[in-house]
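Since every read-out is calculated from the coordinates, none of them should be taken as a lab result. This is a predicted model, so every value here is computed, not measured. No Cβ is skipped: glycine too gets one built from the backbone with ideal geometry, and neighbour counts run over all protein chains shown.
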Amino acid sequence: KARPFSRVDLNQVARQVLADLDYQIDQKNADVKVTELPVVEADPVQMTQLLQNLIGNALKFHRKDQSPVVRVFMTRAVNGQNSNGMCEIRVSDQGIGFDERYLERIFQPFQRLHAREEYEGTGMGLAICRKIVDRHGGTITATSTPGSGSTFIIQLPLNQKLKGQVPYEH
């Protein structure tokens, strides 16, 4: 169930997500680094799910000959006069990547670019990410090169409480 928005420190959310993914990070000998992230008006549970899905995918879709390398960082925060009050957060990896002609498809429910035998999952993770970001008045997209990794780009309002939004339920 969707929860009301409150001030959410994404640094704390990221620490919790990394603690939750600790076993997976250790098993894959992954290098995961998170730099300073903003405080946003958001549903804390959904922000956790957003980062969990994106970092989890970066760990899952790594090249077999290389340990995963994942970076989570804020590229800009604009919150002043004549600004749009948005922050941009990127989750970047050096994994298997994907052909960008499938960009919209990866955000659709039950859409997979790889066989179930190759990579586990339901094909819902990125669709859920899009629903969460939409509910928060933001955007999500990605850039990628097959064999060289992907970067997921999330824009979220910094201090905007959205009223009247239809809650996202999972």
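How large is Rg/Rh for the stretch 1-48, to two decimals, with Cα atoms and a Kirkwood Rh?
Reported Rg/Rh, Kirkwood definition of Rh: 1.06.
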Residue-count net charge about residue 143 - beta-carbon cut-off 10 Å; Lys, Arg +1, Asp, Glu -1: 0
Report the dimensions of the stretch 4-93 along its three principal axes from the alpha-carbon atoms, largest first, rounded to Å. 48, 25, 17
Provide the per-residue ³J(HN,Hα) series for the stretch 57-63, in order, calculated from phi with Karplus coefficients 6.51, -1.76, 1.60 and θ = phi - 60°, each as a whole number of Hz, with x at glycine and proline positions. 5, 4, 6, 6, 9, 9, 6
